[in-house]
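Every number here is computed from the coordinates shown, using simple stated rules; none is lab data. No experiment lies behind these values; they were computed from the predicted model shown. Glycine gets a Cβ as well: all are built from the backbone with ideal geometry, and neighbour counts include every protein chain shown.
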Amino acid sequence: MNLLILGAPGAGKGTAATAICQQLGIPHISTGDILRSAIKNQTELGRQAKALIDDGNFVPDELIIGVVRARLKEPDAQHGFMLDGFPRTLFQAQQFTQDLKQEGTSIDHALMLEMTDAAIVERLAGRRVNATTGKVYHLQNNPPKVDGICDDDGSSLIQRSDDEPKTILHRLSVYHQETEPVVEFYEKLGLLARFDGSSKPEIVVTKILALIEASSRQSV
Ligand code: AMP
């Protein structure tokens, strides 16, 4: 099962992808997580990505396409994957489709989480994360038991540098301009399935798993 999860920043892609991948036994490949980990480990990739991410801009297409190509060659991705945060531009989508075609494979579903801009701003402004594990909280909707501390391992929770209010608005405008054409691209290919990102995460996950199961039954 080769899956993509699409949607504006804050639409709940990471949360849904984590749960779905656990169920399906496929790796959750988040390009944002790969880049944040490169920044933390001070690699050359991290050095190239840091200022762009902090300002809410995209890293260059060729760079991220190379990252995804390398990741998909790893053994755990040979029997399916869930890509989160990629493709994010029409060029990435076209190039990636070609890459998969050359490997004799393709995407099974592009899962789109829809949300209004107002709901996105509210969700991102209140988002706090465990920088080590990536676990996500929300100040109002999903607070930790102790203010500012992760329930799981006691680490301090941080606000992502690109979740600052002025960067959120910029990321949303980049999303509308650059990533909405990707949604249309998969819609034209007949691969797009839309879900309400403002629903509770467990409802979104149940609906997505139902779609995947129904389509797997059809193809048997
Ligand atoms: P995310 O965690 O998916 O919101 O990604 C965080 C940031 O990483 C984005 O705002 C971009 O700066 C960068 N990034 C992640 N994936 C991509 C991609 N496919 N293309 C370009 N930039 C990306």
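Using 0.36 nm per residue and subtracting the Cα-Cα separation, the extra length available between Gln22 and Lys40 on full extension is 3.9 nm. Quick one: of the DSSP bridges fully inside the chain, what percent are antiparallel, nearest 5? Roughly 30 percent of the DSSP beta bridges within the chain come out antiparallel. Across the chain, counting alpha-carbon atoms alone, Rg and Dmax equal 16.9, 50 Å. Given the pairs Lys73/Lys145; Lys40/Lys73; Lys50/Lys135; Lys13/Lys166, which are separated by over 32 angstrom at their Cα positions? Those over the limit are Lys73/Lys145. Quick check for you: which residues of the stretch 9-31 have the amide N under 17 Å from the point 7 Å beyond the Cα of Arg69 toward its beta carbon? Correct set: none at all. One chain, two ends: Ala118 and Lys200. Fully extended at 0.36 nm per residue, the span grows by 27.8 nm beyond their Cα-Cα distance. Taking amide H positions as modeled 1.01 Å from N, with prolines and chain starts lacking one, the residues under 5 Å from Arg128 and 5 or more places away or on another chain are Tyr137, His138, Leu139. The angle between the Cα long axis of helix 13-24 and the main principal axis of the chain comes to about 50°, on a 0 to 90 degree scale.
Relative to the dominant Cα principal axis of the chain, helix 201-219 is inclined by about 10°. A Förster radius of 35 Å, combined with the Cβ-Cβ distance separating Glu103 from Ile158, puts the computed FRET efficiency at roughly 0.40. Within the listed set Asn141, Asn57, Asn130, the Gaussian network model of the chain (springs between alpha-carbon atoms below 10 Å) gives the highest mean-square fluctuation for Asn141. Just checking the listed ones, Ala17, Ala51, Ala125: in the Gaussian network model of the chain with Cα springs under 10 Å, the one fluctuating most is Ala51. Within straight-line reach of Lys207, meaning a Cα separation under 14 Å, sit the following aspartates and glutamates at least 8 residues removed in sequence or on another chain: Glu114, Asp196.
Distant-in-sequence amide contacts of Leu6, defined by a placed amide H-H separation under 5 Å and a gap of 5 or more residues or a different chain, comprise Leu111, Met112, Leu113. Footprinting exposure proxy ranking of Leu172, Leu139, Leu83, fewest other C-beta atoms within 10 angstrom first, gives Leu139, Leu172, Leu83.
For Ser155, the residues whose modelled amide H falls within less than 5 Å of its own, excluding neighbours fewer than 5 places apart on the same chain, are Cys150. Only helical runs count toward this figure. For the chain, summing -39,500 (n - 2.57) over DSSP H runs of n ≥ 4 and dividing by all residues gives -14500 deg cm²/dmol at 222 nm. The slack in the chain from Asn142 to Leu211, taken as 0.36 nm per residue of separation less the alpha-carbon distance, amounts to 22.2 nm.
Computing Rg and the Kirkwood Rh from the Cα coordinates of the stretch 108-220 gives a ratio, Rg/Rh, of 1.04. Measure nothing fancy, just the Cα-based angle from helix 31-40's long axis to the longest principal axis of the chain, in degrees from 0 to 90, nearest 10. For 31-40 against the chain, the angle is about 40 degrees. Couplings 3J(HN,Hα) for the stretch 66-74, derived from phi with the Karplus relation 6.51 cos²θ - 1.76 cosθ + 1.60 (θ = phi - 60°), are x, 4, 5, 4, 5, 5, 6, 7, 5 Hz, where x marks Gly and Pro.
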